[in-house]
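Enquirer: One structure, as structure tokens, below. Some questions next.
The values are calculated or read from the model by the stated rules, or taken from the named source; none is laboratory data. If you're wondering where the values come from, they're calculated on a predicted model, not measured in any experiment. When we count neighbours, we look across all protein chains shown, and the Cβ atoms used for this are built from the backbone with ideal geometry, even at glycine. Just so you know, the surface numbers come from the protein's heavy atoms only, side chains and all, with ligands and any DNA or RNA stripped out. Shrake-Rupley method; radii C 1.70, N 1.55, O 1.52, S 1.80 Å.
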Amino acid sequence: MTARDTFDLTLTRTIRAPRAKVFDAFVNPDQLRRWFGPRGHTVAETTVDARVGGRYRIVMQPMAGKTFAVGGVYREIASPSRLVFTWKWEGEEMGAMGETLVTVTLDERRGEHGVETEVRLQHSGFPAPEARAAHNDGWGSSLNCLVDLVDPRGSAATVTVFGDPRSSYVRTVRMALAEKGVAYAHEVVAPHSVEVLALNPFGRVPAFRDGEFTLYETSAILRYIEESFPGPSLLAGNARLRATMELWVSLINCHAYDAMVRRYVLQYVFPKGANGAPDRAVIDAAVPQIKSQLEVLDRAYGPRNVLVGDAVSMADLLLAPIVFYLDMFPEGKALLAGVPNVARAHAWMAERPSFKATMPKLG
């Protein structure tokens, strides 16, 4: 294979930090341990001899599965502007792609918010476009972690939630990030706005971005948050509990949201009946279904304050913002009075910092 037969990858990222600090994150083993690897991975071992001809080796540990290691030799070290090193995976399968080359160039400038560094990372010599694509995802996610470490905003420099804070689904995502202790930016935008359509072709909120990676649909976003960031798990503990959690997630999305929000709460918020009043026919048809659903939920809670297991899960984060709205209107308030377990569990959720921190301004 000749150089012309290989495939190269180039990524750029602008970070609000001096380039000396960014350069140090690439060659200081203590710093490398804190950011290297895609979201959801940690560095189990690292060895760095940061001199021309010196070697490095990094062992990464995914949340589930076996470790994998990469290593190479430093070809050029010009602090704080340029770093060149070889790259070779260990192991028969990943090592088959052979040795490749990574070149990191750092350019410092003064931006709108102070000193910033443009990181240009070129990874060259891939034997196939599929290998290049896989490393594009890995490096992109790793650079997000680098930003988390050196940018004073932390993960809020890369993680952004898009949507109206009054949306129950937007609040669910924000609560999940708060439960995990993940800093994030929140762009308040309306459904079907230009900003949202650029991320979600269906125009609904929430939309989500982590660096260059974008997502929409709340359940998908919750899964990404769970598998990408440390902190308390948002999944129930074992296979049966996780399956039960998924059952409640589906029921809340497919049934509870439709009856409780779309056909009840929104009739009060955006009344479409005669003379600008709520449509009583729609409300009266929804109330018996809401009552039935709340009774099922009441039995599921029993003496617990969470739907599944003994800790907050995705199901609780989806339901809490809905019950919050249900309690604001007369029929919903009356129905909640008849399901003491739901009422007790919701009062407990309402005291959690994640619930308080995401309280929307109504009106």
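Enquirer: Given the whole protein assembly as supplied and a 1.4 Å probe, what does the accessible area of E246 come to in Å², nearest 10?
Expert: E246 has an accessible surface of roughly 60 Å² with all protein chains in place.
Enquirer: Express in % the proportion of alpha carbon pairs of the range 302-348 at distances exceeding 17 Å.
Expert: Here the tail beyond 17 Å accounts for 29 percent of pairs.
Enquirer: Could you tally the net charge around R304, taking each other residue with its Cβ under 11 Å from the Cβ of R304, Lys/Arg +1 and Asp/Glu -1?
Expert: Around R304, the charge tally is -1.
Enquirer: Under a cut-off of 25 Å between alpha-carbon atoms, report the lysines in cross-link reach of K333, not counting same-chain residues fewer than 8 places apart.
Expert: K272, K291, K356, K361
Enquirer: For a quick check, take a GNM of the chain with Cα springs below 10 Å and name the residue from L307, L317, L251 with the largest mean-square fluctuation.
Expert: L251
Enquirer: Based on DSSP H runs of at least 4 residues, each adding -39500 (n - 2.57), what is the mean residue ellipticity at 222 nm of the chain after dividing by all its residues, to the nearest 500 deg cm²/dmol?
Expert: -12000 deg cm²/dmol
Enquirer: Sticking with this one: Rounded to the nearest 10 Å², what accessible area does E116 show when all protein chains are kept and the probe is 1.4 Å?
Expert: 30 Å²
Enquirer: Using the basic label-point model (7 angstrom from Cα toward the beta carbon), what is the A128 to F270 distance in nanometres?
Expert: Roughly 4.8 nm, to one decimal.
Enquirer: Using a Gaussian network model of the chain with C-alpha springs under 10 Å, which one of N275, N253, N341 is most mobile by mean-square fluctuation?
Expert: N275
Enquirer: For R110 and A311, what does the FRET efficiency come to when R0 = 41 Å and r is the distance between their Cβ atoms, rounded to the nearest 0.05?
Expert: Computed FRET efficiency for R110 and A311 comes out at 0.30.
Enquirer: Same structure again: Quick check on the range 64-163: what are the equivalent-ellipsoid semi-axes from the Cα gyration tensor, as sqrt(5λ), descending, whole Å?
Expert: 28, 19, 12
Enquirer: With a 1.4 Å probe and all protein chains left in place, how much of the accessible area of the chain comes from carbon and sulfur atoms, in whole percent?
Expert: Reported share for carbon and sulfur atoms: 54 percent.
Enquirer: Also, I was wondering about something else. Rounded to the nearest 10 Å², what accessible area does R204 show when all protein chains are kept and the probe is 1.4 Å?
Expert: 150 Å²
Enquirer: Work out the FRET efficiency for S219 and R82 from their Cβ-Cβ distance, taking R0 = 35 Å, and round it to the nearest 0.05.
Expert: In this case the efficiency is close to 0.20.
Enquirer: Starting from the coordinates of the alpha-carbon atoms of the range 31-74, obtain the Kirkwood hydrodynamic radius over all distinct pairs and give the value in Å to one decimal.
Expert: Computed over Cα pairs of the range 31-74, the Kirkwood hydrodynamic radius comes out at 10.9 Å.
Enquirer: A further question follows. How high is the relative contact order of the chain, in percent, counting Cα pairs under 8 Å that sit 6 or more residues apart?
Expert: Relative contact order, the chain: 13 percent.
Enquirer: Any chance you could run the full-extension gain for R280 through D8? It's 0.36 nm times the residue separation minus the Cα-Cα distance, nm to one decimal.
Expert: So the chain would gain 91.7 nm between R280 and D8.
Enquirer: Right, next: Which of the following values of percent of Cα pairs over 34 Å apart was calculated from the structure shown: (i) 39; (ii) 31; (iii) 24?
Expert: So the calculated entry is the one marked (i).
Enquirer: Same structure, new question: May I ask for the net charge around A343, where only other residues with Cβ less than 12 Å from the Cβ of A343 are counted and Lys, Arg are +1 while Asp, Glu are -1?
Expert: 0
Enquirer: For a label point 7 angstrom out from the Cα of R240 toward its Cβ, which stretches of the range 297-315 have the backbone nitrogen within less than 13 Å?
Expert: In the range 297-315, the label zone of R240 (backbone N under 13 Å from the point 7 Å along Cα→Cβ) covers 309.
Enquirer: Right, here's the next one. Roughly how far apart, in whole Å, are the Cα centres of the range 129-157 and the range 205-248?
Expert: The range 129-157 and the range 205-248 have Cα centres spaced 19 Å from each other.
Enquirer: To continue, here is another question. Please check: in the Gaussian network model of the chain (C-alpha springs, under 10 Å), which one of V265, V115, V59 has the largest mean-square fluctuation.
Expert: V115
Enquirer: Let me ask another. Averaged across orientations, what area in nm² does the convex hull of the alpha carbons in the range 151-249 project?
Expert: 6.6 nm²
Enquirer: Mind checking the full-extension length gain between E351 and T47? Use 0.36 nm per residue of separation minus the Cα-Cα distance, one decimal, nm.
Expert: 104.9 nm
Enquirer: Could you list, bin by bin from short to long, the percent of Cα-Cα pairs of the range 207-363 in 5 Å steps?
Expert: 2, 8, 16, 20, 20, 15, 10, 6, 2, 1, 0
Enquirer: Which percentage, to the nearest 5, of the DSSP beta bridges contained in the chain is antiparallel?
Expert: Restricted to the chain, the bridges split so that about 95 percent are antiparallel.
Enquirer: If I fit a long axis through the Cα atoms of helix 129-150 and take the longest principal axis of the Cα atoms of the chain, what angle between them do I get, 0 to 90°, rounded to 10?
Expert: The angle comes out at about 80 degrees.
Enquirer: Moving on. So how tilted is helix 280-301 from the main axis of the chain? Cα-based, degrees 0 to 90, rounded to 10.
Expert: Around 70 degrees separate the two axes.
Enquirer: Could you give the Stokes-Einstein D for the range 37-105 in µm² per second, using the C-alpha Kirkwood radius, 20 °C, 1.002 mPa s?
Expert: In µm²/s, the coefficient is 167.
Enquirer: A follow-up question, please. May I ask for the distance between the Cα centers of the range 88-122 and the range 1-58, given as a whole number of Å?
Expert: 6 Å
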